[in-house]
Amino acid sequence: MSDPKRLSVPPDYPYQNVVDIVSRSDEMLAGEDYAHYLDVGLSALANVALALKGRTSPASILDMPCGHGRVTRALKAAFPDSALFVSDIDSDSVDFCARTFGAHGLASQPDFRTLDFGRRFDLIWVGSLITHLPADVIKDFFRFVLRHLTEGGVAVVSMHGSYVAGRIVASLLQGGEAYGVDNVAGWRMVDGFFASGFGYANYPTTDLSVQRYGVALATGRWTCKTVRRCGGEIVFYQEHAWDRHHDVLAFARPSGDRQQ
């Protein structure tokens with residue numbers, strides 16, 4: 001195993017207890033832009049703080065998908081006494097985060113209808129997952145999240161909204177691909193977004209195992225309506241609120257809800 005990278009943490013970073021180890025497999029660290037890498041974690045924490053509404057530290061936190069810990073490290077620094085759980089479909093990511101941040105690793109899988117971690121969490125952070133899923137799978141995921149929240153627990157979820165839709169249209173008008181989606185599929189996705197509030201396009205691939213993985217766009221109205229239909233209670237929705245890029249939705253499992 002190669003030696004990991006070390007973050008250069010600026011002296012004004014608000015959590016000097018932050019773990020500075022970074023996996024060399026971390027695709028979210030572009031070049032040596034440590035400042036932006038750390039800022040993305042702080043942006044996630046700002047949205048979490050809004051969702052918690054001043055409540056004390058959550059007893060248990062799930063970061064899913066954790067990747068190699070871009071947000072996990074911020075959650076660990078901000079809530080050092082919380083039980084931290086990490087999950088991803090990539091086992092190397094889970095192993096790294098469990099080892100580096102003292103987290104409990106949970107293996108994920110694509111079918112959220114049957115995925116069961118056997119416990120519930122006070123806070124679930126979901127960064128850039130439903131941004132890649134078709135509508136029916138997003139609904140399955142929202143139900144999965146609600147099953148795994150404690151009563152009154154809150155989930156904070158990122159989504160591609162109107163800001164990303166505008167970026168995609170600009171790229172398509174220049175005749176290229178956008179966000180990894182080819183021009184024809186991209187226009188079909190954008191048309192769906194403006195017509196119904198939701199659009200989706202697969203990534204171009206011949207691998208049948210990832211045929212239902214691509215790019216999703218959704219309006220706040222579509223996303224909030226979908227969460228409510230799944231039984232969730234909206235806490236807030238903010239446009240391009242995570243890293244000034246993704247929209248952010250926070251929703252809760254209502255008090256008195258006895259979902260199984």
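FYI, it's all coordinate maths here, none of it is from the lab. In this text the structure is predicted, and so the values were computed from the model without any measurement. Glycine gets a Cβ as well: all are built from the backbone with ideal geometry, and neighbour counts include every protein chain shown.
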For peptides 243-250, 229-236, sequence by mean Cβ density within 10 Å, most packed first: 243-250, 229-236
Which far-off residues, 5 or more places away or on another chain, put their amide H under 5 Å from the one on LYS5, with H placed in the peptide plane? VAL22, ARG24
Alpha carbon convex hull of segment 125-188, volume per residue in cubic angstrom: 85 Å³
Rh by Kirkwood over Cα pairs, then Stokes-Einstein D for the chain at 0.890 mPa s and 25 °C, µm²/s: 130 µm²/s
Provide the per-residue ³J(HN,Hα) series for segment 189-204, in order, calculated from phi with Karplus coefficients 6.51, -1.76, 1.60 and θ = phi - 60°, each as a whole number of Hz, with x at glycine and proline positions. 5, 5, 4, x, 4, 6, 7, 10, x, 9, x, 8, 9, 5, 5, x
Among VAL71, VAL18, VAL157, which one moves the most in a GNM of the chain with springs linking Cα atoms closer than 10 Å? VAL18
